[in-house]
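For reference, the structure is listed below as C-alpha cells.
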Amino acid sequence: METNKNSKKIVMLGLILLIIAGLIVVALKGFQVSLLFGKHETVELNVGKEVDVKTVKEICHTVLQNQKYVVKELEVFGDSFQVNVKSMTEDEKSNLINQVNEKFETEKTVEDLNISSISNRRIRDVMKPYIVPMILVFGIVTLYTLIRFRKIQALKMVLDYIWKIALTEILLLCVIAIIRIPVNEIWINLLMIIAIAELVYFISKGEKRLENEIENDQ
C-alpha cells in the first residue's frame, strides 16, 4: 500500500514538473509552428500548361536545397503552382524560373512570379473555428450526463471528465512545446479527436456504472 502511494506521488510530481517546464518554454519561446503557420513567402507561377507537382517538387529540392518548402497545385486546370518557403533569394528565383523553363519547355521570366509575404498565424486565431463547436459538444454532453446519470452522482462525473480531459490536453501541449514539434492543423485536429475520444470513453464508463446500479436495485 505504501509503495503504491509513493508511486502515485512520484507520477504526480513528474506531471507537475512537466507542466511547469512546458509553461516556461511557452512563455520564453512560444510554440514551434509549421512553415505554413509561420512568417513565409508564397511564390506563384502560371506555367500555361499542365503542371506535374512531382516535377515541381524536384525542382524546388534542387533550387532550395536544405530549406523547408511546401508545393501546392493551383487553379482548376492544374496549370499553376505555388511554393511556400521561408524566403527566396533573387538567385533562387532565377534558378527556379530556369528549371521550370527547362522542364516544361516554357519561356517564363522572374517577373512572371507572383510573390507575397505571409505573416505569422497566431494559434488562437487558428483555434477560433473549433471553439464554438467544441463548446456545443461539451455543453450537450454535460446536459446529457446530468440527466442520464442523475442516480449515480452525475455532477461528480461531469467534474471528473472535465478536469481529466483538460489535464490530458495540457500535458500534450506541454510535450509539443518542450520537444519543439511544429504545430499545424493536423496536430490541432488530433488534440480535438483525443478530447472527443476521452469524452466518449467517460460516457461509456458511466453507462456501465448505471447498468450495474440498475441491476443491484432489482
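Summary table
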quantity: Contour excess over end-to-end distance, with Cα ends at residue 162 and residue 5 and 0.36 nm allotted per residue; calculated: 54.1 nm
quantity: Per-residue SASA entry for residue 12, accessible area with 1.4 Å probe, Å² rounded to 10; calculated: 110
quantity: Unsatisfied cross-links (Cα-Cα over 26 Å) in the set 9/208; 72/103; 9/156; 54/108; 9/151; calculated: 9/208; 9/151
quantity: Which of 52, 79 is most accessible, then next, and so on - probe 1.4 Å; calculated: 52, 79
quantity: Label-point gap, in nm, between residue 50 and residue 190 - each point 7 angstrom along Cα→Cβ; calculated: 3.6
quantity: Full-extension gain in nm, residue 132 to residue 72, via 0.36 nm per residue minus C-alpha separation; calculated: 18.6 nm
quantity: Cα centroid separation, the stretch 1-67 to the stretch 187-204 (Å); calculated: 21
quantity: Contact order relative to length of the chain, as percent, for alpha carbon pairs under 8 angstrom and 6 or more apart; calculated: 27
quantity: Three-way shape call for the chain based on the alpha-carbon gyration tensor, with the a/c threshold at 1.5; calculated: prolate
quantity: Protection proxy ranking, peptides 124-130, 59-65, 199-205, average beta carbon neighbours within 10 Å, highest first; calculated: 59-65, 199-205, 124-130
quantity: Probe 1.4 Å - accessible area at residue 13, Å² to nearest ten; calculated: 100
quantity: Kyte-Doolittle mean at least 1.0 and Cα axial length at least 20 Å: DSSP H helices in the chain; calculated: 2-28, 123-148, 154-178
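The values are calculated or read from the model by the stated rules, or taken from the named source; none is laboratory data. Being a predicted model, the structure only gives us computed values, none of them experimental. So basically every Cβ, Gly included, is an ideal-geometry build from the backbone, and we count neighbours across all protein chains shown. Calculation scope for accessible area: heavy atoms of the full protein, side chains included, ligands and nucleic acids excluded. Shrake-Rupley method; radii C 1.70, N 1.55, O 1.52, S 1.80 Å.
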